[in-house]
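These notes are about the structure you will find just below.
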Amino acid sequence: MVIQLKRFRVVFLMLLIIVLAACSSTNTEGNTNSGGEGGEASSDKLVIGFSQVGAESEWRTANTKSIKSAITDAGHELKFSDAQQKQENQIKAIRSFIAQKVDAIVFSPVVETGFETVLKEAKDAGIPVFLVDRAVDFEDDTLWVTFLGSDFVEEGIKAANWLVEEMEGVDGDINIVELQGTVGSAPAIDRKEGFEQVMAEHPNFRIIKSQSGDFTRAKGKEVMEAFLKSDGENIDVLYAHNDDMAIGAIQAIEEYGLKPGEDITVIGVDAVKGAFEAMAAGKMNVTVECNPLFGPQLVELIEAHFAGETLDKRISVEEGIYTMDQAKELLPTRKY
Amino acid sequence: MLKSRLFWPVIILLIILAINLFFDPGFFKIEVKNGHLTGSLVDIVNRGAPLMLISIGMTLVIATKGIDLGVGSVIAMSGSIAAMTVVQGMASDTSLTPLFMAIAAALGLSLAAGLWNGLLVSRIGIQPIVATLILMVAGRGIAQLITDGQITTIYYEPYSFIGGGYLFAIPFSVYLVAAVLGIALYMTKKTALGLFIQSVGANPEASRLAGINSKNIILLVYLFSGFCAGVGGLILSSNVSSADGNNAGLWFELDAILAVVIGGTSLMGGRFFLMGSVIGALIIQSLTTTIYSIGIPPETNLIVKAVVVIIVCLLQSPEFRQKVLRPRMKKPHKKEPENSLNEQGVKIS
């Protein structure tokens with residue numbers, strides 16, 4: 001028995017090594033196979049290497065599609081590499097981009113640290129690096145040209161500003177309940193912070209309850225039910241850190257016998273399709289966009305850089321804010 | 001005997017509810033709005049319905065010295081398949097047919113999941129924690145496959161009745177819990193099934209020698225647990241009129257196990273307390289609702305929950321009570337001779 005087990009282990013280990021070897025070899029192939037015609041790049045046609053984090057969510061998939069098609073639509077050549085959430089894959093991909101002498105590297109880092117060496121290599125090779133969606137945490141900010149991504153704090157500020165404008169002329173206190181995202185997540189922390197920044201300047205706006213709804217519909221509904229039971233008619237405004245929680249809360253408000261959108265003003269973030277449906281039905285007032293489709297803006301930035309313009313180190317994605325009145329018209333055009 | 005086991009859970013439930021009274025004097029108020037009852041207590045029972053159902057199923061599984069970690073995933077699968085059936089059926093049919101098809105599909109899939117767990121444990125002899133772990137992981141994957149990883153919204157009124165509807169002013173989900181609890185109580189109290197389950201949990205080999213078909217009893221409890229999770233999944237998905245393969249029923253298996261343990265059933269199998277589990281589920285839900293309504297900051301939610309659970313478990317432990325509470329508790333207990341007998345019964349087991 002023991003001998004058999006040992007033999008099995010040896011065989012298993014060998015298999016593992018073979019599989020791993022196979023994996024890594026396919027990866028390098030994947031990274032290099034799109035090369036070839038890079039040499040004939042004229043002054044306006046660029047070769048752009050794009051190293052994406054992975055494909056972990058719908059948002060990310062929409063993001064990848066947008067960047068890929070924006071680059072190819074603008075007539076540039078794309079070399080794409082999916083890191084499958086692994087830093088080593090990403091470092092390998094960037095090295096292969098450098099070896100292929102691409103004109104620019106677009107890069108969504110999996111983690112914030114550990115990329116100094118490879119980014120220095122890119123800098124030494126004279127290749128500009130554009131960070132998208134996620135930032136890195138280095139001292140030396142000359143290693144990249146700019147960071148383009150959603151600014152969650154800004155999203156909170158936008159939501160708050162809309163509310164202040166909407167409630168202009170209303171006397172007395174305005175009571176707000178807040179549905180936070182998953183505790184500790186960046187969008188939850190930042191959207192709360194941005195909203196509170198603006199609210200601090202307007203003492204008649206009071207956040208009376210704030211609780212996590214985990215970014216899900218079911219939790220959003222459950223928490224809102226409890227809010228309604230304890231504060232009921234006093235609630236004037238609901239601010240949810242994403243649209244899904246807002247949609248769940250809308251159901252709770254309806255079941256409680258109040259009219260969402262009228263008795264309670266409903267604010268969401270993300271601008272997903274469901275929010276547009278709710279707004280078209282008059283049950284939600286506004287949603288702040290968190291846009292994954294920033295491919296075209298990215299390509300503009302890259303082109304601006306090559307045209308000699310200096311870019312800010314931090315650029316926010318162009319994000320709109322959509323209200324009830326626009327919803328019906330825009331609903332058919334929403335992609336996600 | 002049942003009374004003494006239920007004593008502490010009931011007291012704890014009442015304490016948690018009483019705490020709310022300090023923060024919100026209207027907590028116990030129940031009023032009729034739009035023709036149905038509303039109020040925090042109604043919410044607790046309504047929102048707690050899925051957990052109560054799953055705890056009932058889990059109690060019987062734990063009574064056979066097993067455990068079912070797959071229930072959270074079964075919830076997701078059941079809700080997903082029901083939603084997809086409704087979405088597809090709705091296009092061709094506006095009658096009630098899609099609703100019944102959805103219920104049939106959801107219960108069919110959850111029974112199949114229960115059968116899978118039951119076969120792995122009873123026929124192949126895989127340890128329950130391992131056997132059901134498979135479905136815990138794979139089930140959520142299946143649910144995501146069914147919904148394509150998207151949150152599917154359902155625009156079909158009859159479907160929302162299961163988890164959001166009211167019958168004679170009372171939430172419909174409460175009737176579902178009552179029905180399942182009634183069946184489970186009847187089968188385990190009025191037929192020999194309850195004894196069989198206990199004996200299989202205490203000693204499967206001895207039970208087999210005594211002529212009990214242990215394997216089929218084990219298979220049956222996993223089937224029942226799958227069924228309960230399926231109904232729970234229907235309620236959860238119907239309540240928000242959507243199917244979320246990623247988050248529906250996430251960590252429900254842990255809450256259900258906790259409810260069963262709070263209710264006084266030992267993880268070592270043997271004796272079980274269905275009513276205790278139901279009260280355990282109500283304690284967990286009251287705690288959640290309390291945290292929401294008295295405005296505890298979300299960062300501390302889990303700590304508050306953990307502290308309450310520790311207190312509940314300590315009060316449940318006869319050893320702890322004897323060492324810490326006994327000196328003070330002795331006098332009132334002496335008045336009832338029945339009670340001191342119970343304490344002995346606890347010690348023997």
Output for region A:231-257, where each listed residue is under 29 Å from the mean Cα position of the chain (by Cα) and among the polar types (S, T, N, Q) = A:242, A:251
Where residue B:5 falls short, out of the listed (1) closer than 30 Å to residue B:268 by Cβ; (2) within 14 Å of chain A (Cβ to nearest Cβ); (3) among the charged types (D, E, K, R) | (2)
What is the one condition in (1) among the hydrophobic types (A, V, I, L, M, F, W, C); (2) more than 14 Å from chain A (Cβ to nearest Cβ); (3) without any contact (Cβ under 8 Å) to a residue 24 or more places away in the chain; (4) surrounded by fewer than 24 Cβ atoms within 10 Å (Cβ to Cβ) that residue B:131 does not satisfy?
-> (4)
State the number of residues belonging to region A:254-277 that are closer than 26 Å to residue A:62 by Cα, more than 10 Å from chain B (Cβ to nearest Cβ) and outside any strand (DSSP E or B).
-> 3
Taking region A:213-230, which residues are more than 7 Å from chain B (Cβ to nearest Cβ), under 15 Å from residue B:244 (Cα atoms) and free of Cβ contacts under 8 Å to residues at least 40 places away in the same chain?
-> A:213, A:214, A:215, A:219
Note: among B:191, B:152, just one is out of contact with any Cys (no Cβ under 9 Å at 6 or more places or on another chain) and either within 14 Å of chain A (Cβ to nearest Cβ) or closer than 30 Å to residue B:89 by Cβ (or both), namely B:152
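Taking into account only those residues within region A:198-230 that are among the charged types (D, E, K, R) and within 20 Å of residue A:152 (Cα to Cα), which is nearest to the chain's Cα centre (by Cα)?
Step one: list which residues in region A:198-230 are among the charged types (D, E, K, R), which gives A:201, A:206, A:209, A:214, A:217, A:219, A:221-222, A:225, A:229.
Now drop any that are not within 20 Å of residue A:152 (Cα to Cα), which leaves A:201, A:214.
Numbers: A:201: 28, A:214: 17 Å.
Among those that are among the charged types (D, E, K, R) and within 20 Å of residue A:152 (Cα to Cα), it is A:214.
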When only residues in region B:243-284 that are polar (S, T, N, Q) and crowded, with 24+ Cβ neighbours inside 10 Å count, which is nearest to the other protein chains (Cβ to nearest Cβ)?
-> B:277
Is one or more of the residues making up region B:229-241 within 14 Å of another protein chain (Cβ to nearest Cβ), surrounded by fewer than 24 Cβ atoms within 10 Å (Cβ to Cβ), under 25 Å from residue B:108 (Cβ atoms) and at pLDDT below 90?
-> yes
Got at least one residue in region B:36-49 being among the aliphatic types (A, V, I, L, M), touching a residue at least 24 places away in the same chain (Cβ under 8 Å) and away from chain A (no Cβ under 14 Å)?
-> no
Residues located in region A:262-296, provided they are on the phi > 0 side of the Ramachandran plot and modelled with pLDDT under 90 | A:270, A:271
Within region B:237-278, count every residue that is assigned to a helix (DSSP H, G or I), under 19 Å from residue A:247 (Cβ atoms) and in contact with a Phe, Trp or Tyr (Cβ under 9 Å, 6 or more places away or on another chain).
-> 2
crowded, with 19+ Cβ neighbours inside 10 Å, away from chain B (no Cβ under 14 Å) and modelled with pLDDT under 90: does that describe residue A:190?
-> yes
In this structure, is residue A:180 touching a His at 6+ places or on another chain (Cβ under 6 Å) and surrounded by 16 or more Cβ atoms within 10 Å (Cβ to Cβ)?
-> yes
Are there any pairs, at least 6 apart or on different chains, whose C-beta atoms fall under 7 Å, with the first in region A:278-304 and over 19 Å from residue A:247 (Cα atoms) and free of Cβ contacts under 8 Å to residues at least 12 places away in the same chain and the second assigned to a loop (DSSP other than H, G, I, E, B) and of a type outside the set (Phe, Trp, Tyr), and if so, which?
-> A:304/A:311
Mind counting the residues in region B:3-59 that are basic (Lys, Arg), over 24 Å from residue B:251 (Cα atoms) and part of a helix (DSSP H, G or I)?
-> 2
Being within 14 Å of another protein chain (Cβ to nearest Cβ), among the aliphatic types (A, V, I, L, M) and assigned to a helix (DSSP H, G or I), is that true of even one residue in region B:89-111?
-> no
Of the residues A:151, A:140, which single one is surrounded by fewer than 16 Cβ atoms within 10 Å (Cβ to Cβ) and either in the same structural domain as residue A:211 (by TED's automatic domain parsing) or in contact (Cβ under 8 Å) with a residue 12 or more places away in the chain (or both)?
-> A:140
Residue B:80 versus (1) touching a strand residue (DSSP E or B) at 6+ places or on another chain (Cβ under 6 Å); (2) without any contact (Cβ under 8 Å) to a residue 40 or more places away in the chain: which is the lone unmet condition?
-> (2)
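The values are calculated or read from the model by the stated rules, or taken from the named source; none is laboratory data. The shown structure was predicted, so the numbers you read here are calculated from the model rather than taken from an experiment. Quick reminder, even Gly has a Cβ in these numbers, built from the backbone with ideal geometry, and neighbours come from all protein chains shown.
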